[in-house]
Every structure is written in C-alpha cells, then in structure tokens.
C-alpha cells in the first residue's frame, strides 16, 4: 500500500505544472508535463516541457532575426498551431513583451532584445527553449479535465522546465509529489498492460 502524502493538488494558475494522469490516453498528452502559462475564465494556455522533437530551429529555414542561424532543438509544445514557435527563456525580466511565468522563466518577448541578450551570454542553450505549437483549453475545459482526474497539478519549477532528461521527467515529477502520487509513476497507461 502506498504511503500517504501531504501533497495536495493546487488550483490551476500561471506557473502550475499539469502532470498527465497515467489514465490520460490522448496521444497528444500521454505522459506529459505541461507548464501552464496562463489561466483565466476564458481558457488556459500552456506548453509541454518534456517532448523534444526531431527537428531543429535550422530546419525551419527562416530569416526571423531570432531564429536565423540557430540550430537549437525544437520541442513539441502541444497540438495547437504547430506552425508557430513558442519561446521559454531564462533571460530575466528585462525583455520587453515577455510574460513572467514562474521563477526566472519567461515566455516570449522582443526577438531583437532576446538575440542581443543571448549573444552577450554566449550560445545560451541552457537559457532558452524553442517549442512548436502550444496546448490550449477553452473556457471550463481544463477544469472539467481536472475533475475527471486527467491531470495532477503542482507548482512548476525552473529546474524541471529546463530539465535535460525529458524522457524521465514525467515519472520524476510524479515521484517528487510523494506517497500515492509517486506510485502513479509506475502504473502503465492501461491496466491490461500488466
């Protein structure tokens, strides 16, 4: 029997992790950790932080001033608008147009200022993450999924957002919660797989 945990899920808000339940069979979100970047009465917006893609920024063949000449990995931010690039960074609050998400993690901002900041600090791969698409929910949709047990919510952390071992991040995020939550990390998505 799993040990009890003092951890209790929190209400969804900016800076929250949505950790998919082992029972969530949607291929877009199975075993994902989503960083919730905004949550209002009108809906929710976030990006998956543990799905590296097979493409790099160079594969986009763009002359965008921030993307041109870079070969960073492209991560899969979610199933919505896969033709758009989302940007998470740890460049501080001095980037005009960026949105603070949690800790020192910001979303987007002025591409020219971001490029200059990266040039000052070197290549900066540990400071920036490019994501294709995003994860979105309409009004009340995320709350309905939470009430069905599709997600576990907990405070996000900069350390896990920029984690370098995405293949094990989902399991490690659940294990950090302790108790019964940690036991979920070893459950197969379908009990018949046992």
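The values are calculated or read from the model by the stated rules, or taken from the named source; none is laboratory data. Because the structure is a prediction, the values reported are computed rather than measured. So basically every Cβ, Gly included, is an ideal-geometry build from the backbone, and we count neighbours across all protein chains shown.
At a glance:
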{"item": "Residues located in region 65-101, provided they are in a strand (DSSP E or B) and over 17 Å from residue 132 (Cβ atoms)", "result": "99, 100, 101"}
{"item": "Residue count for region 53-72, restricted to those that are loosely packed, with under 15 Cβ neighbours inside 10 Å and either modelled with pLDDT of 95 or more or on the phi < 0 side of the Ramachandran plot (or both)", "result": "11"}
{"item": "Flag for residue 183 being at pLDDT 85 or above, within 15 Å of residue 22 (Cβ to Cβ) and either touching a strand residue (DSSP E or B) at 6+ places or on another chain (Cβ under 6 Å) or in a loop (DSSP other than H, G, I, E, B) (or both)", "result": "no"}
{"item": "Enumeration of residues in region 93-138 that are touching a residue at least 24 places away in the same chain (Cβ under 8 Å), at positive phi and surrounded by fewer than 17 Cβ atoms within 10 Å (Cβ to Cβ)", "result": "103"}
{"item": "Subset tally (residues that are under 16 Å from residue 108 (Cβ atoms) and buried (at least 24 other Cβ atoms within 10 Å of the Cβ)) for region 15-44", "result": "3"}
{"item": "Residue match in region 41-64 (condition: in a loop (DSSP other than H, G, I, E, B) and within 16 Å of residue 144 (Cβ to Cβ))", "result": "yes"}
{"item": "Segments classed as helices (runs of 4 or more DSSP H), wholly inside region 105-179, with at least 2 members that are closer than 27 Å to residue 68 by Cβ and more than 16 Å from the chain's Cα centre (by Cα)", "result": "111-120"}
{"item": "Enumeration of residues in region 80-92 that are within 16 Å of residue 35 (Cα to Cα) and surrounded by 16 or more Cβ atoms within 10 Å (Cβ to Cβ)", "result": "85, 86, 87, 88, 89, 90"}
